[in-house]
Structure formats: C-alpha cells, structure tokens
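Laboratory data are not the source of any read-out in this text; all were calculated from the coordinates shown. From a predicted model like this one, the values you see are computed outputs, not experimental measurements. Note: ideal-geometry Cβ built from the backbone for every residue, glycine included; neighbour counts use all protein chains shown.
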Amino acid sequence: MNLQSFLESSTGEVAAWVSNLAARAVATVISLNPKAEELDREMEELRAISNDVSEEIRTGELENKRPTHQTQTWLSLVGKIEARVDKFRLSLQQRGASSEGSSLRSSYQLACEAAECLKEVQRLKTQKSDLLPLLIQAPPPAVVELPSSSLYDNVGAEETLSEIRSLVEGDEAPVIGIYGMGGIGKTTLLKAINNEFLHRGSSQFDLVIWVTVSKELDVHKVQEEIAVRLGYSRPGKGQGKTLTEHPTDRVNTLRRALSQRKFLLLLDDLWEKLDLGAVGVPFSSSSDRNGSKIVFTTRLVEVCNRMDAEWKVQVPLLDQARSWELFCQKLGRGEDQWDPSVRSQAEDVCKKCGGLPITLITVGRAMAGATTLGEWKDALKDLEGIPPGLGDMEKKVLESLKFSFDRLEDKSARECLLYFRPLPRG
Ligand SMILES: Nc1ncnc2c1ncn2[C@@H]1O[C@H](COP(=O)(O)OP(=O)(O)OP(=O)(O)O)[C@@H](O)[C@H]1O
Ligand SMILES: [Mg+2]
C-alpha cells in the first residue's frame, strides 16, 4: 500500500480518533467543578485524619514515643498535597476572575490537576490504615536538661567551668573530682556541664547520666537512676521494662548496657567512696572505660582520693569584687544607687560573707529592702555573733540562714524555714 492509499483508508479512523479525543477533553472540562468540590471534601477529611495523627504524636511524646519513619513520610506527603490543593484552589479562583483565564485550554489543565490531586488525596487516606503502629518507643535522650540558673547569673563560675570542661574533653582524666565547701557552687557547676552537652549536642558521649547521690549512699537508688537513663522505667511508673530486683542481675544488666555506650556519669554530692563495680559501672580498666568519664562533686577532698580521681578541681571562694557583684545582684541594687556611707557599711557586711555564694545570696536577699545606715550597722553586728564550735562552712551557712530568718517579717515564712532546717531560735 502506498502512502496516498494508506491516508485515504485511514482518514475515517483518524477523524473518529480526533472526535473521540475532543469528546474526552470536553467531558474533562465539564467535570472541573464537580471534581473541585469532591477534592475539597476529600482534602478536608484527610486534614482531619492528619490532625488526629499529629495529636497522637504530641500525646506520645509525653511517654517518650516518637513517630515511625513511615508516619513521618506520610505526614510530609500530606503537607505537600495540602500545598498543591491550595495552589489549585487559587488558580481556580483566578480563572473565575479573568475572562482570558477561562479559556478551554486552562479549564482543561485545571480539571486534569483536580483529578490528579484527588487521586493523591484518596491514596493518602487509604494509606493511613497501613501506618500502624504510628509511634514507637524513642530511645532515651542523650542528655536530660536540669533546671539551673543561667551561667550569666553565676558570678565568677566561668573560669572553674572552663577548667572542668577541658578536663572532660581531654583524654588524660577518666575520673574528675570537684570539691569545695557547702554552698560554694559545686552542684551548679556540674549542672552547667550537663546542660552544655544539651546545647552543643553530645558527639563525645552517647549518654550523659546525672545521679544525685547524697549523704545516705543508696546503691540501689543509684542503679535505678542509671537504669532510667538507659531506657528502663521506674518500678510502678510507666509501662516500660523495669530493672530486675535480683542484686547480681542488676549489676550485670547495667554493666552490659553501659559497656555498649560511651557515657559521661555525673555524680553529685558524694560523701564516701562509691564502689562502681558494685553498682554495675564498668570502669576498672581502660578497655572497660572505652572513652567514658566520671565527674563527681564532694565537700571532702578525701573522697576525691578514695574515688581515684586523676584530677581534682577545687571550687574557689569568690574574691571581693565578685562577692560584691553577686551581693548587689541579690540586693537588686546598681552601682549608682548607693549613698557612700551606707555603701561602705554594706561592703563590710559583704566581706563578712567570706566569699561563699550561698551566704552572699542569703544575706543579700535578706537585706534587699535595707536603705538606712542603721539597718546595715545592725546587720553587721548580727553577723559578728558566730556560734562557736562549728566548722567554717557550717558557721557561715548557719549564720546566714539565722540572719535571714531573723529578718523574715512574715510569721508563716519563719515557720516554713524552721520546718525545713532546724535553726537556733535564740
Ligand atoms: N558563682 C556563683 N554565682 C552565683 N550564684 C552561685 C554561684 N555558685 C553557687 N551559686 C548559688 O549558690 C547556691 C549554692 O550552690 P550549690 O548548690 O551549687 O552549692 P554546692 O557547692 O553544691 O553545695 P553543697 O555542698 O551543699 O551541695 C545555689 O543557689 C547557686 O545557684
Ligand atoms: Mg551540691
């Protein structure tokens, strides 16, 4: 068959094909409005489903659960189709507004877009039922933030903090002891170390564990605190797995879990040696340690020795300038708000606090309302009556507490202070 006879014989078929195509295009254009309405309905339903999923994620976060990767992808696809449908809606509105825009061609394009969007919305609606479970238990976070005053408020702590920071980052000291008298700021520094890892991300350690040990050493409690950071639930709380009660199994379980991680163990307020082996902390050899570190605080330098701390950091008392800075901060008074004679009396009161932050804070707060020279003279006199027979630290703290107690005008506040810390009532 030559070309001419082929064309002649095909003309009928081509004409039918073209008219078929035109009919389909017209049908598509006619379907634009009903399709757009259906799309609106279906999109509204999908939005409601996705809002429920987001709500479930927020509730799950309270139980340390996180969305599965599948759920995350689904949500992001819902976001994309939402944006696409919004864009379609806008084009539809613009087409209505402009006469040129309502050409057959643009109507046809919009109708095709409506059909495609609808298909995707319906697919996502169906896919939702394949997502179960929506959430899975999240691994424990590498660091848990501890409530702490900002370092900005901590006068003079930055130097000690940077010394501890470089020891934690360096290789030479697996065990670091921070020591100093009560109220000098050891816990504050340790909290700052913990929270720093939160802000700069812990690439050095897989897990930062905080344990408050206290005077009555309770190995069982220390084990439980470590276990919680490893993802176990506290007995009687949460639905997760709890650490076994069997003493040997407890040690072995913790040993196994900790030896798989590079951890930073922060032990606050040690009063005696903590036997790490008895707790289940693998730390007796360098292969055991594997880059993990322990930093602890104690009032007693002997504890640093008994814990075999390679490095001991003594937290210093504040010098006069810093004491004055902290004191004024607590008084709420700026440099230019002093009468010179009152100021010199107040400086003497500040010196009496001996550079100990807790004393400066307590006395500073108690004197916040004092304005007259007489009030400051009385305060100085009161601070001179230190009870004999106490250690330096106890004297300072007790004195400042008694001092502020006497200045509390509110009777119920006095009772409250007496309840929490027995003070001499003279
Ligand atoms: N350098 C500082 N600047 C300002 N406030 C400080 C400073 N150091 C400590 N503080 C404040 O003093 C109080 C006592 O500090 P912290 O609890 O850290 O003392 P500590 O050495 O851990 O005492 P303890 O031995 O009793 O546990 C806290 O309220 C803390 O915010
Ligand atoms: Mg402390």
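The table below gives the values:
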| quantity | calculated |
| --- | --- |
| Out-of-range pairs (alpha-carbon distance over 31 Å; input LYS215/LYS377; LYS65/LYS273; LYS65/LYS87; LYS262/LYS330; LYS241/LYS293; LYS312/LYS377) | LYS215/LYS377; LYS65/LYS273; LYS65/LYS87; LYS262/LYS330; LYS312/LYS377 |
| Residues with amide H under 5 Å from that of THR68, placed H, sequence gap 5 or more | LEU135, ILE136 |
| Net charge over other residues, Cβ less than 13 angstrom from the Cβ of THR59 (K, R count +1; D, E count -1) | -2 |
| Rounded Å value of the spacing that divides the Cα centres of the range 47-97 and the range 251-284 | 45 Å |
| Mean projected area (nm²) of the alpha-carbon convex hull when the range 151-314 is viewed from all directions | 9.9 nm² |
| Spatially proximal aspartates and glutamates relative to LYS128 (Cα-Cα < 16 Å; intrachain offsets below 8 disregarded) | GLU42, GLU44, GLU45, ASP52, GLU55, GLU56, GLU82, GLU120 |
| Sorted peptide list for 370-378, 70-78, 57-65, criterion being average Cβ within 10 angstrom, highest first | 70-78, 370-378, 57-65 |
| Net +/- balance of residues flanking ALA257 in space, Cβ distance below 14 Å, scoring K and R +1, D and E -1 | +2 |
| Packing rank of 296-304, 79-87, 316-324, where each peptide gets the mean count of other beta carbons within 10 Å, highest leading | 296-304, 316-324, 79-87 |
| SER284-ARG365 FRET efficiency (beta carbon distance; Förster radius 41 Å; 0.05 resolution) | 0.35 |
| ASP249/ASP339 FRET efficiency (R0 60 Å; Cβ-Cβ; nearest 0.05) | 0.30 |
